[in-house]
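This is the structure, below, for whatever I ask next.
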Amino acid sequence: MSDSIQYVTNQDGEKVGVLLDLATYQQLTNSSLEDDEVLTGLSLDELQALAGSMLSPKVQIELNDLLERNAENLLAAEDEANLDYLLAQIDQLNILKTRARYTLKIKGISKAA
């Protein structure tokens, strides 16, 4: 970090200012943001994986089955509760995916497909 910070001094040798390289400046300013939607503590790879995440094939098949039976009014109470649970979990996953994409955008990184 010593290479990323330079001090500006006056003619008496007193430090009167600081110069930061761009990466250090962005790290400091991004970490000081009070944006609750930005995901912190995740690596770039983790953010990209989260942004592109999908339901597992098993859960997708179960969801499709429940939705189809629901459209035909063939769901038992237990199945209806399971469908509600899955839909709530999907909503939460979509929120996390959106926050991951937003975090990547804030960092100036476009999500790789």
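Do the conditions hold for residue 42, that is, is it under 30 Å from residue 4 (Cα atoms) and not aromatic (Phe, Trp, Tyr)?
Yes.
Please go through the stretch 36-47 and pick out each residue that is more than 14 Å from residue 106 (Cβ to Cβ) and either among the polar types (S, T, N, Q) or surrounded by 12 or more Cβ atoms within 10 Å (Cβ to Cβ) (or both).
43, 46, listed by residue number.
Report yes if residue 26 is assigned by TED's automatic domain parsing to the domain that holds residue 4 and either part of a loop (DSSP other than H, G, I, E, B) or surrounded by 13 or more Cβ atoms within 10 Å (Cβ to Cβ) (or both), otherwise no.
It is true that residue 26 is assigned by TED's automatic domain parsing to the domain that holds residue 4 and either part of a loop (DSSP other than H, G, I, E, B) or surrounded by 13 or more Cβ atoms within 10 Å (Cβ to Cβ) (or both).
For the stretch 96-111, what are the residues that are basic (Lys, Arg) and under 14 Å from residue 27 (Cα atoms)?
Scanning the stretch 96-111 gives a single hit, 107.
Which residues, counting only those in the stretch 10-56, are acidic (Asp, Glu) and at pLDDT 80 or above?
Answer for the stretch 10-56, where residues must be acidic (Asp, Glu) and at pLDDT 80 or above: 12, 14, 21, 36, 37, 45, 46.
Report yes if residue 93 is at pLDDT 95 or above, surrounded by 13 or more Cβ atoms within 10 Å (Cβ to Cβ) and not hydroxyl-bearing (Ser, Thr, Tyr), otherwise no.
yes
The values are calculated or read from the model by the stated rules, or taken from the named source; none is laboratory data. Given the structure is predicted, the values throughout are model-derived calculations rather than measurements. Glycine gets a Cβ as well: all are built from the backbone with ideal geometry, and neighbour counts include every protein chain shown.
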